[in-house]
Amino acid sequence: MKIKDHKKLIAWWLANELRKRVMAFTGRPPAARDFEFRDQIRGASRSVCRNISEGFYRYKHKEFANFVSIAKGSLGETQDALEDALQSGFVTREEFDEMWQLSKRCMAAVNGLHFYLRTTKEPD
C-alpha cells in the first residue's frame, strides 16, 4: 500500500499528538512565562512533524531518511525538555508520564521509519 499523505504516517501522527500536548502545557503558567524554555520545546516538537513532512515530499528514500534523522534529533531534544519541564514544575508527574510514553512510542515509530527508508528500494 502506497501512502500518499504524510499525515497517514504513524511517526508523524504520534509526533503531532506530542506537539499538541507540548503546545497545551506551554500555553499556561508557569511554562508560558519561561519564554526561553517555552520557545525551545515548542520549536523542537514542531521540528519533528515538519521534518517528517518535508522528507515525505522529497519522494526519494535517501533524502527522506535524512529528514527523518533530523526529526529524530528534534524528538530527542523534546524528550530532554520534557525532563526539564518536570524538574522545573511546569508539568505534573502524570502529565510528564503521559507525554514521556507518547514520546517513546513516537521515537520507536521514527526509528522504524528511518530503518525502512535506509533498507528498502525506492518505490516505482
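The values are calculated or read from the model by the stated rules, or taken from the named source; none is laboratory data. Small disclaimer: the values here were computed from a predicted structure and weren't measured. Here Cβ is always computed from backbone atoms with ideal geometry, including for glycine, and neighbour counts include all displayed protein chains. Accessible surface areas use protein heavy atoms only, side chains included; no ligands, DNA or RNA. Shrake-Rupley method; radii C 1.70, N 1.55, O 1.52, S 1.80 Å.
Close amide-amide hydrogen proximity is noted between L9 and no other residue 5 or more places distant or on a separate chain, at a cut-off under 5 Å (H modeled in the peptide plane; Pro and chain starts excluded). Taken per residue, the accessible surface of the chain reaches 59 Å², heavy atoms only and a 1.4 Å probe. Considering only protein heavy atoms and a probe of 1.4 Å, how much of the accessible area of the chain is carbon and sulfur, as a whole percent? Carbon and sulfur atoms account for 52 percent of the accessible area of the chain.
Result for the chain in a Gaussian network model with C-alpha springs under 10 Å: among A81, A15, A32, the largest mean-square fluctuation is at A32. For the chain, calculate the relative contact order in percent as a whole number, restricting contacts to Cα pairs under 8 Å that are 6 or more residues apart. Across the chain, relative contact order equals 30 percent. Computed over neighbours whose Cβ is under 13 Å from that of R118, the net charge equals +2, Lys and Arg +1, Asp and Glu -1.
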